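Everything on this sheet refers to the single structure shown next.
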Amino acid sequence: MEKASGSSDGKRVRRREVINFSVMLVMFIIYALTFTVPRFYDTINVVYPYAGLVNFFMLIILFVNNVMLSGEDKGLRQILSDLKSRGSREIYLLGVIILTAGINLFIVNSGKGAFFVPVNFILIWYLSDKMYLNPGQLKVFAGLYMGFLLFYLFIAYPGLFTTFENYKYNTNTAATFTIYTLLCAFILLEMYIDRGPLVGLFMVMILLKGFQLSLWHRARGAFIMLVLFMLFWYIVPGKLWRNRSFYAAMCLLATFGSLVFVGLYVLIGTTGANFKLPFFYKEVFSGREAIWKELFGLLANRERPYMIFTGIGTGFELKSFFEKNVHNAMYNFLVIHGLIVFLGIVYFVCKRMQGFHKRISDSRVAMCAMCAVMAVFFESFFDVDLIWADYALNLIFLLCVINSATLPQKEEGSGTMDEVKNVGH
């Protein structure tokens, strides 16, 4: 009887792993096509903007696989009963936030496609401590990122920007996409860092290539993302990341700190102080302060005080900018979707990050992945790359790396976490 039970458990585990890997593989294929085939990019982002809907469909499959079908094989009624008894508070909270996001958009007569932005993001974080890949799958997926990065850099990329007609996304987007892909590919190198000095040399080479690309296109977002990752991974000591107080402060800075940054940026921008950044064509205060100030004015509408809870939706027009782009991920949730949705998202993000603390303390690779996630969070003080639909897979992958229980661990006698981290220097 016990053998049968063990066999059944093994089958369920393998089923979860296969479905997780298969869904992520489909998303990876879409990701690769989006940034290498101009017509595909147009279809999924411009002509028929289906990226958010596709991600939602994939996340529902992952939700069913990792939540509803995670236990014994049961009927639907029993599964729903188990959900009520196991972690019911989070399930209910998740449902309330998703329902609120949908209702809010109807109240303010918003574009309904905006619904998928907070819903997909919160589903990713809800699943982040439930979804995993086995060690072999992690290596395969990290290898796919590395292979695609090299293909993109040396084969696809040179042909994309040969003429103006070929541009389907601007070079700033191309650079940011490249660096985000690089951070995911970097996981493969960290998995094999102990194999010899050639791995460390290759790390240096792709990091230098990332800096060269960012500076060549004067892409501030890509440059900031890469610099922050280097700072978090190579400069901040491992013992600080293992310190709960420091880690908690970083989580708060990544979420609520984003709003504080907006406020300070607008305040300083109104003084008229400004200067140009070295290597970049734009000044520090180049328009975001006007966008953020105008958006806050729309949110704090005295004639519609309820908007602080519902958000303003996407039916607005900006005087300060030609696009409906908030240029700040967490501020986007507050302004577009309201305070309730924003606080719900922060709850799930901070709770999951705190739950991951032991994993990043015990695993070099998990810590590297968290440094990449943090870099994207802080880069998204200036942009929305953290929540852009085309980058959803990257966030899923990095969180999956952190959550997977069987990551490479440092061997006994091999030194401290800091010593292991510094092998790549």
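We did not get these values from a lab; they are worked out from the coordinates using the rules stated. Computed from a predicted structure; not experimentally measured. FYI the Cβ positions are ideal-geometry reconstructions off the backbone, even for glycines, and counts take in every protein chain you see.
A few notes on this one:
- Rg(Cα)/(2.2 N^0.38 Å) for the range 178-250, N = residue count: 1.23
- Debye equation applied to the C-alpha atoms of the range 301-386, log10 I(q)/I(0) at 0.12 Å⁻¹: -0.49
- Only alpha carbons enter this Debye calculation for the range 118-225, each as an equal point scatterer, and the log10 of I(q)/I(0) it gives at q = 0.09 Å⁻¹ is -0.30.
- Per-peptide average of other Cβ atoms within 10 Å, ordering 287-299, 14-26, 333-345 highest first: 333-345, 287-299, 14-26
- Gain on full stretching of the segment that runs from Val260 to Phe154 - 0.36 nm per residue minus C-alpha separation: 34.2 nm
- Taking all C-alpha pairs of the range 12-60, those more than 18 Å from each other amount to 38 percent.
- In terms of distances greater than 28 angstrom between alpha carbons, the cross-link table entries Lys239/Lys293; Lys139/Lys239; Lys11/Lys130 yield Lys239/Lys293.
- Length released on extending from Tyr234 to Leu298, taking residue separation times 0.36 nm less the Cα-Cα span: 18.9 nm
- Length gained when the stretch Phe316-Tyr92 is fully extended (0.36 nm per residue, less Cα-Cα span): 77.5 nm
- Estimated FRET transfer efficiency when R0 is 51 angstrom, pair Ile103-Leu201 (beta carbons, to 0.05): 0.40
- Considering only Leu264, Gly196, Ile206, the residue lying farthest towards the positive end of the dipole of the range 127-277 is Leu264, judged by Cα position with unit charges set on Cβ.
- FRET efficiency for the Leu252 to Lys11 pair, using the beta carbon distance and R₀ = 41 Å, is estimated at 0.45.
- Per residue, the average separation of C-alpha pairs within less than 8 Å and at least 6 apart gives the range 110-239 a relative contact order of 26 percent.
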